[in-house]
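K.L.:
Below you'll find the structure I mean.
The values are calculated or read from the model by the stated rules, or taken from the named source; none is laboratory data. Since we're looking at a predicted model, the values are computed, not measured. For neighbour counting, all protein chains shown are included, and Cβ atoms are generated from backbone atoms with ideal geometry for every residue, glycine included. Side chains are part of the model used for accessible areas, which takes the heavy atoms of the whole protein and leaves out ligands, DNA and RNA. Shrake-Rupley method; radii C 1.70, N 1.55, O 1.52, S 1.80 Å.
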Amino acid sequence: MQKAGFTTDKTRKRYNRMAFLYDFMEAPIERLRFASWRQRLTGRIVGPTALEVGVGTGKNFTYYPNDVNITAIDLSPRMLEKARSRANKLNLKVDLQEMDAQHLNFEDDSFDTIFATFVFCSVPDPVEGLLELKRVCKPEGRLLLLEHMRPRNVAMGFLFNVLNPMIVRMTGANINRKTINNIRVAGWQIRAEEHLSSDIVRWIEAVP
């Protein structure tokens, strides 16, 4: 438990440091690829209640439906400051809360849709986080994920493993997570899986 807490604290501090320049650093890849992939959220966030995990600076706000009550959480208070500013500019009603995905302060069966984009590469214990998401998802609800992960190719997978420590230090994101396996270990049933960039970036829909 001490080790996990320490890792979570390091993650929070890392994203607090990065918050000021986060959108600037990601702007090129956001324009080239990420924004078009995020559009898959359109029409898929259904309510009456939904939860975004790892809201960051609010890059998904554009795709929020008007008829769903959305709560959005993040581990980093400084990232949430950026998200609040963006929400105000968009005149968007969203309940922003500082919270750890591994320890959610919500009752069981609270949300119809839970979604996250490029988040479980940085959650210290991804399986624990996915278990928490399953706990707060309604039995008839669903999970929407846009994630990058370790490729299946043996040589590429080895390269991702070698590069991962450096990438984590630079960006906070693990590039060698076996996210599909983590989703299944947490008890989710995958209903759709789309490969967007080879098998590294994938769109996933799952149910409890």
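K.L.:
Within the accessible area of the chain, what % is carbon and sulfur when the probe is 1.4 Å and the other protein chains stay in place?
P.N.:
Numbers: 5610 of 10710 Å².
Carbon with sulfur: 52 percent of the solvent-accessible area.
K.L.:
How large, in Å, is segment 74-193 by the Kirkwood hydrodynamic radius built from its alpha-carbon pairs? Walk me through the numbers on the way to the answer.
P.N.:
Working: mean 1/r = 0.0631 Å⁻¹.
About 15.9 Å for segment 74-193.
K.L.:
Per residue, how much accessible surface does segment 65-109 expose to a 1.4 Å probe? Answer in Å², no decimals. Don't jump to the answer; show the numbers that get you there.
P.N.:
Working: 2820 Å² over 45 residues.
Accessible area per residue, segment 65-109: 63 Å².
K.L.:
If I take R0 = 30 Å and measure r between the Cβ atoms of Leu196 and Asp109 in this structure, what FRET efficiency does the formula 1/(1 + (r/R0)^6) give, to the nearest 0.05?
P.N.:
Values: r = 31 Å, r/R0 = 1.02.
With a Förster radius of 30 Å, E is 0.45.
K.L.:
Where is the GNM fluctuation largest for the chain (alpha-carbon springs, 10 angstrom cutoff): Ser122, Ser110, Ser85?
P.N.:
Fluctuation is largest for Ser85.
K.L.:
Another question about this same structure. Over the chain, calculate the relative contact order: mean separation of alpha carbon pairs under 8 Å at least 6 apart, over the residue count, as a percent. All intermediate terms of the calculation are to be shown ahead of the outcome.
P.N.:
On the way: 364 pairs, mean separation 37.7, N = 208.
Normalised by residue count, the contact order of the chain is 18 percent.
K.L.:
Rg to Rh for the chain: what is it, with Cα atoms only and Rh by Kirkwood? Walk me through the numbers before you get to the answer.
P.N.:
Working: Rg = 16.1 Å, Rh = 17.3 Å.
In the chain, Rg relative to Rh is 0.93.
K.L.:
Using Cα pairs under 8 angstrom and six or more residues apart, how large is the relative contact order of segment 67-121, in percent? Don't skip to the end; give the middle numbers.
P.N.:
On the way: 36 pairs, mean separation 21.5, N = 55.
Relative CO of segment 67-121 lands at 39 percent.
K.L.:
Oh, and also: Could you check the spin-label model distance between Arg152 and Asn16? Points 7 Å from the Cα along Cα→Cβ, value in nm.
P.N.:
Spacing of the two 7 Å Cα→Cβ label points: 4.2 nm.
K.L.:
Could you tell me how far the Cα centroid of segment 113-178 sits from the Cα centroid of segment 1-68, in Å?
P.N.:
13 Å
K.L.:
Continuing with this model, one more query. Just to confirm the filter: which trypsin sites (Lys or Arg not before Pro) across segment 54-157 are DSSP coil and have at most 15 other Cβ within 10 angstrom of their Cβ? Intermediate results must be reported in sequence, preceding the final value.
P.N.:
Numbers: sites: Lys59, Arg78, Lys82, Arg84, Arg86, Lys89, Lys93, Lys134, Arg135, Arg142, Arg152; in loops: Lys59, Lys93, Arg152.
Taking segment 54-157 and a limit of 15 other Cβ atoms within 10 Å, the loop trypsin sites (Lys or Arg not before Pro) found are Lys93, Arg152.
K.L.:
Between Leu90 and Ala27, what is the label-point separation in nm under the 7 Å Cα-to-beta-carbon projection?
P.N.:
A separation of 1.9 nm, rounded to one decimal place.
K.L.:
Per-residue HN-Hα couplings for segment 200-206, Karplus 6.51 cos²θ - 1.76 cosθ + 1.60 at θ = phi - 60°, whole Hz, x for Gly and Pro?
P.N.:
In residue order, the calculated couplings are 7, 9, 9, 9, 10, 10, 9 Hz.
K.L.:
From the P(r) of segment 1-103, can you give the percent of Cα pairs sitting at distances over 16 Å? Don't skip to the end; give the middle numbers.
P.N.:
On the way: 3195 of 5253 pairs.
That tail contains 61 percent of the Cα-Cα pairs.
K.L.:
Find the relative contact order for segment 151-200 and round it to a whole percent, using C-alpha pairs within less than 8 Å whose residues are 6+ positions apart.
P.N.:
Numbers: 21 pairs, mean separation 16.3, N = 50.
Relative contact order for segment 151-200 comes out at 33 percent.
K.L.:
Now for a different question. For the chain, what proportion of DSSP beta bridges, expressed in % and rounded to the nearest 5, is antiparallel?
P.N.:
Values: 14 of 32 bridges.
Roughly 45 percent of the DSSP beta bridges within the chain come out antiparallel.
K.L.:
Please identify, among Asp125, Asp67, Asp108, the residue showing maximal mean-square fluctuation in a Gaussian network model of the chain using a 10 angstrom Cα cutoff.
P.N.:
Evaluated over the chain, the most mobile residue of the options is Asp67.
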